[in-house]
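Working notes for the structure below.
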Amino acid sequence: MRWFKNKDTLYGFLVILPSLVLLGIFVYGFIFQTFYTSLTDWGRDPAQALSANPQIRFTGFENYRELFGGFVDARFRQDLFNTFYFTLFFILGCLGLGLTLAIVLDRGPKGEGFFRTVFLFPMSLSFIVTGTIWRWMLQPQGGVNQLPTLVGLPRGEFGWLTSREQIWQVSWNDLPFFTALVVGVVLAFVAAAAFRGGERRRGWIATGSAGLLLLWALTLGRTLQPLPFDEMHGFNLAFIGIILAAVWQMSGYTMALYLAGLRGIPEELREAARVDGASEWQLYLRVIFPLLAPITLSAMIILGHISLKIFDLIFAMAGPDNAPTDVPALLMYITTFRANQIAKGAAIGTILLLLVAAVIVPYLYSQLKSEVRR
Amino acid sequence: MIGRALQYAILFLATLFFLLPVYLVIITAFKEPAAISLSTTWQPPERWYWESFSQAWTAFLPKLQNSFFLTVTATILSAMLGSLNGYVLAKWRFPGANIVFPLMLFGMFIPYQAVLIPLFQFIREIGLGGSLWGLILVHVVYGLPITTLIFRNYYAEIPDEMIEAGRIDGAGFFGIYSRIVFPLSVPGFVVVIIWQFTQIWNEFLFAVTLVSSPANQPITVALAQLAGGEAVKWNLPMAGALLAALPTLLVYIFLGRYFIRGLLAGSVKG
Amino acid sequence: MRKWLFTLAAAALGSLALAQSGRLEIFSWWAGDEGPALQALIDLYKKRYPNVEVINATVTGGAGVNAKAVLKTRMLGGDPPDSFQVHAGQELTGTWVVADRMEDLTPLFQQEGWMNRFPKGLIDLISYKGKIYSVPVNIHRSNVMWYVPAKLREWGVQPPKTWAEFLTVCQTLKSKGLEAPLALGENWTQQHLWESVALGVLGADDYSKLWTGQLRFNDPKAVAVWNTFGRVLDCANKDASGLSWQQAVDRVLEGKAAFNIMGDWAAGYMTTTKGLKPGEGFGWAPAPGTAGVFMMLSDSFGLPKGVKNRTNALNWLRLVGSKEGQDAFNPLKGSIAARTDSDPSKYNAYLQSAMRDWRSNRIVGSLVHGAVAPESFMSQFGTVMEIYLSSRNAQAAANAAQAIANQVRLGQ
């Protein structure tokens, strides 16, 4: 009773308790168990993989070492690249298209309600439905590739979901170097911003970390070679089709976000800028876009975590084992439920969780912190 | 003037981009299987052929029923629990609530692959393996963060004075909920129910791993298997896709306003 | 006492009646074109046991790629189907039998007098530590090359006898404007092609040694397979991974390609679905370099432990293994019977030729279709293929294959 202000707060706690226990088990308990499984050899021995009471041995970080540095798991490493490029272009596409449409709709064209409905309806569909539709749209010899023939041009030849072409190739062995370089440069910018904002302590910490990282990258960065040979990874062109379908489905979401944001900007602000002699273009550049920045950030985070988790869309569009369009979320499913490598599947799941957490945790932190302040 | 022309050009192109797939789905679904070929993809059917729909309907009816049962049950349960949780978090903050709430929210962002293996074993061990009830349980639990969040933000708008007034009248925790908070909750419930309905209806990963027997399959799994098979004649998957999309599409068309509100709520701040 | 006896009798009667009613769930990946063959078996079953409700659970996807994942979630989830389709060989023994998930069917084989009705080599394939674990229903051949005779005459080429010859023919056809002389389909059909190339390059002895661990994958002889495979791939269509195996066959029939390497279920597709006559509408030859060798695979049905309707499942297995059942199923499926006493007159020209080869040829097992390697190797072989396709580095692929073989202790 000491902990609770009164009886009703205690009741409240008791009411929410079952939910907390369930989430505790289903989220944190299971994450922990997955992580533990990923440290074992479950699935390595076929006799144990599927038996009712498997005998499992603890092997430490062996699965992770194989994923990042064993030569069998090249597919996982390519999947990391795939996810990176997919996320990048998916977010850019949704933000660009969503913002354009929001600006146009904000100016109140005729039939605004109709257009808004049209742009937003794919949001209500299942990724499976979208995937099925776009699978048919992107058949190598039909669908989109046939469109030019309607105006008398020759048929398109692009292998939408099947192309094996890769561009922007990088060797896996160069990755530690590049990662350290990029993170170092970003930290340097953070440091500069902190000094400018007068936060000296944060500035020094950032400067120190940036310096250490850059020093490491330029001196020892090249000596860390996870693989004994160069393994090239890049952007699979087959992903363009997936990106197209994903943007089709999700850009309505960013449009709705931006539209809400634009409608929230008081007319006086725009008027004031116009009075100052700003052209329409300058108005957007100087007044409106900066005001939309927080929305952009929110949208990036939400879209980013969706794209890291993308599974059903690709499953329905290209099938779970079409390697040119593979991502870690699919590989986890195949590794676990088809190849019986349960521990390795758990390791992929854990890595996926870490990727998502890196995006989400700072976001939740900042959102809730500002809320408490409010 | 140029601005206006550009504006309508953008709208026209975007509409084309968003509606072309719809056009393709409809004409393909209405073509005879023999009339579907890659080179005539875009031509409307010469003869409108309704058979595909009756075939898809017979094949998918049991799956649609599964989906309905699953979606309605899980939606109602998670909305009820979310409402109570939101009430507690908005009005009866117990010690530690500030720590517990973000921990709850994290649960709605995790990639479910990171819990899939233990979840699968757990559902089997409690005897719900392969059944719809296992799937319902999973959807209720993983639906709790979002429903709690929406209700918490919604109830935060109810003035504390109203709660105080209820207490002065002698109502306790449950009395205030049933007499004051719950009657005000209708719009909140609409938002939550629509959101959960579309989410659960459209979900695939849990459905494909936890429900194995074809008799219990939800529609998304059935559709993915139909379209993922080989040498498919595309009229059937397209008709199936239309059937699978219809419930959520109707919800969106008629209750779109609330749908968007749920959408925006998903970005944490109300 | 009498009352007691009566109850007992009633109970016995009751259980007899029960045995012939209830349900039976059969799990397979035979849908679409292969559906009618399965349906014929189910119809026979219904004729014998009219009160049993048969649930035909199929998961589509060639070579069972999707079905196997679904089956796994069911078995692990404690919800096994009463009987499921599984390739005879390591896919059965190395995956399910070693995990102690299957019932021993040796008593059934003895009861039904099947021990000398099936070829000895086949029984070895479905046995583990001296016990038999499934009932084979058919035999398919993996190493077959398909073509349209009229088209070949038109182009003036002969079906090549070796892979070297194949590459020459490929160049000839390319110079005649045929862009991709070899038709290829999605993922697993590429692996299917690989096993025919491997058999042709290595020969039957060395090919078999791969699976017993006597020939390593990174041996120069085995690395050479990848080199040839790469050059064969250059003859194939670029949009392969978007096509099903049927669509790949269609390319040959439409004259957009000259050859397709596919198992002999392709014959079933061309005769049943496309209505072509074997020998006229389409022709066949052993895959280059594999004449006189029959790379086999066999579909079989097993009995998982802990099924709901065990008696009905056993009755199903009795039917599947019977001469009547096999001769009803196979002519429709486009395969030959696993039993040695089937009636040739019920089979078409292609299948009769396959029967002759089955009896006279050297027999080896298929990799992709589960005969020679456990699923844990097979499904990771896709990764090896991926390494090769993205890097075109034969040595890297060979090393990866050997690494996986070590990991799953292939041949030990």
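I'd like to check something: does the stretch C:124-135 contain any residue that is at pLDDT 95 or above, under 26 Å from C:Phe217 (Cβ atoms) and either in contact with a His (Cβ under 6 Å, 6 or more places away or on another chain) or not hydroxyl-bearing (Ser, Thr, Tyr) (or both)?
No - not one qualifying residue is present in the stretch C:124-135.
For the stretch A:150-172, indicate whether the set of residues that are without any contact (Cβ under 8 Å) to a residue 60 or more places away in the chain, outside any loop (DSSP other than H, G, I, E, B) and facing another protein chain (nearest Cβ under 10 Å) is non-empty.
Yes, that holds for at least one residue.
Considering only residues of the stretch A:312-335 that are touching a residue at least 60 places away in the same chain (Cβ under 8 Å) and of a type outside the set (A, V, I, L, M), which is nearest to the other protein chains (Cβ to nearest Cβ)?
Out of the qualifying residues, it is A:Asp312.
Spot the failing condition for C:Arg409; the list is (1) at pLDDT below 85; (2) open to solvent by less than 20 Å² (accessible area, probe 1.4 Å), and only one is missed.
Answer for C:Arg409: the failing condition is (2).
Kindly check whether there is at least one residue in the stretch A:210-233 that is modelled with pLDDT of 85 or more and under 30 Å from A:Phe127 (Cα atoms).
Within the stretch A:210-233 (the criterion being modelled with pLDDT of 85 or more and under 30 Å from A:Phe127 (Cα atoms)), the answer is yes, since at least one residue qualifies.
Check B:Ile110, B:Ile146 and return the single one that is of a type in the set (Val, Ile, Thr) and more than 10 Å from chain A (Cβ to nearest Cβ). Spell out the reasoning first.
Details: B:Ile110 fails: more than 10 Å from chain A (Cβ to nearest Cβ).
Going through B:Ile110, B:Ile146 in turn, just one is of a type in the set (Val, Ile, Thr) and more than 10 Å from chain A (Cβ to nearest Cβ): B:Ile146.
Within the stretch A:74-106, count every residue that is touching a residue at least 24 places away in the same chain (Cβ under 8 Å) and farther than 19 Å from A:Phe119 by Cβ.
Start the filter on the stretch A:74-106 by keeping residues that are touching a residue at least 24 places away in the same chain (Cβ under 8 Å), which leaves A:74-83, A:85-87, A:89-91, A:93-95, A:97-99, A:101-103, A:105-106.
The next check asks that each one be farther than 19 Å from A:Phe119 by Cβ; those that pass are A:74-83, A:85-87, A:89.
Total meeting the criteria: 14.
State which residue is nearest to the other protein chains (Cβ to nearest Cβ) when the search covers only the stretch C:357-398 and only residues that are of a type in the set (Gly, Ala, Ser) and open to solvent by 30 Å² or more (accessible area, probe 1.4 Å). Even if it seems obvious, please write down each step before you answer.
Pass one, the stretch C:357-398, residues of a type in the set (Gly, Ala, Ser): C:360, C:365-366, C:370-371, C:373, C:376, C:379, C:382, C:390-391, C:394, C:396-398.
Adding the requirement that they be open to solvent by 30 Å² or more (accessible area, probe 1.4 Å) leaves C:360, C:379, C:390-391.
Numbers: C:Ser360: 33, C:Ser379: 4, C:Ser390: 7, C:Ser391: 7 Å.
Result: C:Ser379.
Can you find even one residue in the stretch B:183-199 that is more than 30 Å from A:Leu303 (Cβ to Cβ), buried (at least 20 other Cβ atoms within 10 Å of the Cβ) and at the interface with another protein chain (Cβ under 9 Å from one of its Cβ atoms)?
No, the conditions are met nowhere in the stretch B:183-199.
Please pick out the residue among B:Trp92, B:Trp57, B:Trp48 that is more than 14 Å from chain A (Cβ to nearest Cβ) and modelled with pLDDT under 90. Even if it seems obvious, please write down each step before you answer.
Working: B:Trp92 fails: more than 14 Å from chain A (Cβ to nearest Cβ); B:Trp57 fails: modelled with pLDDT under 90.
Checking each option against the conditions leaves just B:Trp48.
Quick check on C:Gly334: is it open to solvent by 10 Å² or more (accessible area, probe 1.4 Å) and closer than 22 Å to C:His192 by Cα?
Details: open to solvent by 10 Å² or more (accessible area, probe 1.4 Å): no; closer than 22 Å to C:His192 by Cα: yes.
So C:Gly334 fails the test.
Wholly within the stretch A:26-75, which helices (runs of 4 or more DSSP H) include no fewer than the required count, namely at least 3 residues that are modelled with pLDDT under 85? Steps first, answer last, please.
Details: elements: A:30-38, A:46-49, A:62-69.
Those helices (runs of 4 or more DSSP H) span A:46-49.
So, in the stretch B:257-270, of the ones that are within 15 Å of the chain's Cα centre (by Cα) and more than 7 Å from every other protein chain (Cβ to nearest Cβ), which residue ends up modelled with the highest pLDDT? Outline the logic, then answer.
Initially, the stretch B:257-270 is screened for residues within 15 Å of the chain's Cα centre (by Cα), giving B:258-266.
From the residues that got through so far, the ones that are more than 7 Å from every other protein chain (Cβ to nearest Cβ) too are B:258, B:261-262, B:265.
Numbers: B:Tyr258: 81, B:Arg261: 77, B:Gly262: 75, B:Ala265: 68.
Filtering the stretch B:257-270 for residues that are within 15 Å of the chain's Cα centre (by Cα) and more than 7 Å from every other protein chain (Cβ to nearest Cβ), the one modelled with the highest pLDDT comes out as B:Tyr258.
Give the stretch A:324-355 a look and list any residue that's open to solvent by 10 Å² or more (accessible area, probe 1.4 Å) and within 18 Å of A:Trp160 (Cβ to Cβ), or say none.
None; the set is empty.
For the condition more than 11 Å from chain A (Cβ to nearest Cβ), of a type outside the set (A, V, I, L, M, F, W, C), crowded, with 20+ Cβ neighbours inside 10 Å and more than 19 Å from A:Leu125 (Cα to Cα), what is the one hit in B:Lys63, B:Lys31?
Unique residue meeting the criteria: B:Lys31.
Might you check whether a residue that is over 30 Å from C:Asp206 (Cβ atoms) and crowded, with 17+ Cβ neighbours inside 10 Å occurs anywhere in the stretch C:340-347? Quick ask: steps written out before the conclusion?
As a first pass, look at the stretch C:340-347 and keep what is over 30 Å from C:Asp206 (Cβ atoms): C:341-347.
Narrowing the set further to residues that are crowded, with 17+ Cβ neighbours inside 10 Å leaves C:342, C:347.
Yes, because at least one residue in the stretch C:340-347 is over 30 Å from C:Asp206 (Cβ atoms) and crowded, with 17+ Cβ neighbours inside 10 Å.
Name the residue, out of A:Ala188, A:Ala245, A:Ala192, A:Ala210, that is among the aliphatic types (A, V, I, L, M), closer than 22 Å to A:Thr83 by Cα and in a helix (DSSP H, G or I). Give the steps one after another, and end with the answer.
Working: A:Ala188 fails: closer than 22 Å to A:Thr83 by Cα; A:Ala192 fails: closer than 22 Å to A:Thr83 by Cα; A:Ala210 fails: closer than 22 Å to A:Thr83 by Cα.
Testing whether each residue is among the aliphatic types (A, V, I, L, M), closer than 22 Å to A:Thr83 by Cα and in a helix (DSSP H, G or I) leaves just A:Ala245.
Yes/no per residue for (1) open to solvent by 40 Å² or more (accessible area, probe 1.4 Å); (2) within 21 Å of B:Phe254 (Cα to Cα):
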position: A:Phe90; (1), (2): no, no
position: A:Asp106; (1), (2): no, no
position: A:Phe115; (1), (2): no, yes
position: A:Leu120; (1), (2): no, yes
position: A:Ile128; (1), (2): no, no
position: A:Leu147; (1), (2): yes, no
position: A:Gly152; (1), (2): yes, no
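For residues that are at the interface with chain B (Cβ under 10 Å from one of its Cβ atoms) and either at positive phi or crowded, with 20+ Cβ neighbours inside 10 Å (or both), tally how many sit in the stretch A:19-55.
The number of residues fulfilling the criteria is 10.
Applying the selection to the stretch C:210-234, what residues are touching a Ser or Thr at 6+ places or on another chain (Cβ under 9 Å) and either open to solvent by 20 Å² or more (accessible area, probe 1.4 Å) or within 14 Å of C:Ala396 (Cα to Cα) (or both)?
Listed by number, the list holds a single entry, C:Gln214.
Could you list, in sequence order, the residues of the stretch C:116-127 that are out of contact with any Asp or Glu (no Cβ under 9 Å at 6 or more places or on another chain) and open to solvent by 70 Å² or more (accessible area, probe 1.4 Å)? Show your work before the answer.
The initial filter retains those residues of the stretch C:116-127 that are out of contact with any Asp or Glu (no Cβ under 9 Å at 6 or more places or on another chain), namely C:116, C:118-127.
Within the stretch C:116-127, C:Asn116, C:Lys120, C:Asp124 qualify.
Just to be sure before I move on: is B:Pro21 under 30 Å from C:Asp250 (Cβ atoms), free of Cβ contacts under 8 Å to residues at least 12 places away in the same chain and not basic (Lys, Arg) in the structure I sent? Outline the logic, then answer.
Values: under 30 Å from C:Asp250 (Cβ atoms): yes; free of Cβ contacts under 8 Å to residues at least 12 places away in the same chain: yes; not basic (Lys, Arg): yes.
Taking the combined requirement at face value, the residue satisfies it.
Scan the stretch C:78-90 and give yes if some residue there is open to solvent by less than 30 Å² (accessible area, probe 1.4 Å), more than 22 Å from the chain's Cα centre (by Cα) and at the interface with chain B (Cβ under 9 Å from one of its Cβ atoms), otherwise no.
Yes, some residue in the stretch C:78-90 is open to solvent by less than 30 Å² (accessible area, probe 1.4 Å), more than 22 Å from the chain's Cα centre (by Cα) and at the interface with chain B (Cβ under 9 Å from one of its Cβ atoms).
Return yes or no: is A:Trp248 out of contact with any Phe, Trp or Tyr (no Cβ under 6 Å at 6 or more places or on another chain) and touching a residue at least 40 places away in the same chain (Cβ under 8 Å)?
Numbers: out of contact with any Phe, Trp or Tyr (no Cβ under 6 Å at 6 or more places or on another chain): yes; touching a residue at least 40 places away in the same chain (Cβ under 8 Å): yes.
Criteria met by A:Trp248.
Looking at this structure, is B:Ile117 free of Cβ contacts under 8 Å to residues at least 60 places away in the same chain, crowded, with 17+ Cβ neighbours inside 10 Å, in a loop (DSSP other than H, G, I, E, B) and not hydroxyl-bearing (Ser, Thr, Tyr)?
Numbers: free of Cβ contacts under 8 Å to residues at least 60 places away in the same chain: yes; crowded, with 17+ Cβ neighbours inside 10 Å: yes; in a loop (DSSP other than H, G, I, E, B): no; not hydroxyl-bearing (Ser, Thr, Tyr): yes.
No; evaluated as a whole, the condition is false for this residue.
This table checks each residue for (1) among the hydrophobic types (A, V, I, L, M, F, W, C); (2) closer than 19 Å to C:Ala267 by Cα; (3) open to solvent by 40 Å² or more (accessible area, probe 1.4 Å).
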residue	(1), (2), (3)
C:Trp114	yes, no, no
C:Pro136	no, no, no
C:Pro149	no, yes, no
C:Glu154	no, no, yes
C:Lys161	no, no, yes
C:Val169	yes, no, no
C:Ser175	no, no, yes
C:Leu178	yes, no, no
C:Leu184	yes, yes, no
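Could you check the stretch C:177-211 and list, in sequence order, the residues that are over 21 Å from C:Leu167 (Cβ atoms) and of a type outside the set (Ser, Thr, Tyr)? Full working, then the answer.
Narrowing the stretch C:177-211 to residues over 21 Å from C:Leu167 (Cβ atoms): C:186-188, C:204-205, C:208-211.
Scanning the stretch C:177-211 gives C:Glu186, C:Asn187, C:Trp188, C:Ala204, C:Asp205, C:Lys209, C:Leu210, C:Trp211.
The values are calculated or read from the model by the stated rules, or taken from the named source; none is laboratory data. Since the model is a prediction, treat every value here as computed from it, not as a measurement. Cβ: placed from backbone, ideal geometry, glycine included. Neighbour counts: every protein chain shown. Quick note on the areas: whole protein, heavy atoms, side chains included, nothing else; ligands and nucleic acids left out. Shrake-Rupley method; radii C 1.70, N 1.55, O 1.52, S 1.80 Å.
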